[in-house]
Amino acid sequence: MIAANKWLGLYPEKIWWTWAVAVWAFVFILHVINVFVINNFMNKNWEREQIDKLMLRQTKKVEKLKNDLDNSKPAAE
């Protein structure tokens, strides 16, 4: 990009390549954070544990609803 700005004469009055490098660096930093920070914390094991927790909570709620429904039925004579 520096070569395109200086030697090829693409808009030589403006230093546009610094903005392109800044955007590229920002995207690269976001990628590094995603790979080394977020994916280390939120890997497949973490995801499986969270799914298991949610399934257990859902199972408990379903059982509670079944019990409440059974207890609320009037006695058949």
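Odds and ends about this structure:
- Value at 222 nm in deg cm²/dmol, rounded to 500, when DSSP H runs of n ≥ 4 in the chain each add -39,500 (n - 2.57): -22000 deg cm²/dmol
- Sites matching chymotrypsin sites (Phe, Trp or Tyr not before Pro) across the stretch 1-70 that sit in DSSP coil, with at most 10 neighbouring C-beta atoms within 10 Å: W7
- Tilt relative to the chain, helix 17-33 - C-alpha long axis, 0 to 90 degrees, to 10: 30
- Over the chain, equivalent-ellipsoid semi-axes from the Cα gyration tensor in Å: 64, 15, 6
- Accessible-area composition of the chain, carbon plus sulfur, in percent [1.4 Å probe]: 67
- Computed on protein heavy atoms with a 1.4 Å probe, the accessible areas place I29, I38 in the order I29, I38, largest first.
- Karplus-derived HN-Hα couplings along the stretch 35-45 (A = 6.51, B = -1.76, C = 1.60, θ = phi - 60°), whole Hz, x at Gly and Pro: 6, 9, 9, 5, 6, 5, 7, 9, 8, 5, 5
- Per residue accessible area of the stretch 17-77, 1.4 Å probe, in Å²: 97
The values are calculated or read from the model by the stated rules, or taken from the named source; none is laboratory data. Quick caveat: nothing in here was measured; it's all calculated off a predicted structure. Cβ: placed from backbone, ideal geometry, glycine included. Neighbour counts: every protein chain shown. What goes into the accessible areas is simple: the full protein's heavy atoms, side chains included, and nothing from ligands, DNA or RNA. Shrake-Rupley method; radii C 1.70, N 1.55, O 1.52, S 1.80 Å.
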